[in-house]
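The values are calculated or read from the model by the stated rules, or taken from the named source; none is laboratory data. Because the structure is a prediction, the values reported are computed rather than measured. Here the Cβ is made from the backbone with ideal geometry for all residues, glycine too, and neighbour counts use every protein chain on show.
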């Protein structure tokens, strides 16, 4: 997942000149999200990776409420899952999610 997202960030930087970075989030309350994609130092995408399960990760929910304009997705290894929660957090299979990136 990390390599694929980093490749996409480099592609966006090199091809379109966008100021995109791949980061990790963890705060002093030990809330953490696996990946945060920022543009111009503002979060545009929160990505949490899980082996299975459709229950939304609490730190992902926390960040989505703090940054409502950023997209949030929980990626799972289970096949053919693609749904959006009432809080606008997407739960998606890895193969579907990664197909959307270069």
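Would you confirm whether any residue within segment 47-63 is touching a helix residue (DSSP H, G or I) at 6+ places or on another chain (Cβ under 8 Å) and buried (at least 18 other Cβ atoms within 10 Å of the Cβ)?
Looking through segment 47-63, at least one residue is touching a helix residue (DSSP H, G or I) at 6+ places or on another chain (Cβ under 8 Å) and buried (at least 18 other Cβ atoms within 10 Å of the Cβ).
Looking at segment 26-42, which of the residues that are farther than 26 Å from residue 78 by Cβ and surrounded by 11 or more Cβ atoms within 10 Å (Cβ to Cβ) is nearest to the chain's Cα centre (by Cα)?
Going through segment 26-42, the residues farther than 26 Å from residue 78 by Cβ turn out to be 27-30, 38-42.
Going one step further and asking which of them are surrounded by 11 or more Cβ atoms within 10 Å (Cβ to Cβ), we end up with 27, 38-39.
Values: 27: 17, 38: 10, 39: 13 Å.
Of everything passing the filter in segment 26-42, 38 is nearest to the chain's Cα centre (by Cα).
Taking the stated definitions as given, is residue 86 more than 15 Å from residue 4 (Cβ to Cβ) and in a loop (DSSP other than H, G, I, E, B)?
In short, yes.
Could you please give the count of residues in segment 1-27 that are under 22 Å from residue 63 (Cα atoms), without any contact (Cβ under 8 Å) to a residue 60 or more places away in the chain and in contact with a strand residue (DSSP E or B) (Cβ under 8 Å, 6 or more places away or on another chain)?
Residues that pass the stated criteria total 11.
Restrict the check to segment 91-100 and report whether at least one residue is touching a helix residue (DSSP H, G or I) at 6+ places or on another chain (Cβ under 7 Å), modelled with pLDDT under 95 and closer than 25 Å to residue 7 by Cα.
Taking every residue of segment 91-100 in turn, at least one turns out to be touching a helix residue (DSSP H, G or I) at 6+ places or on another chain (Cβ under 7 Å), modelled with pLDDT under 95 and closer than 25 Å to residue 7 by Cα.
Looking only at segment 44-83, which residues are in a strand (DSSP E or B) and over 10 Å from the mean Cα position of the chain (by Cα)?
50, 76, 82, 83, listed by residue number.
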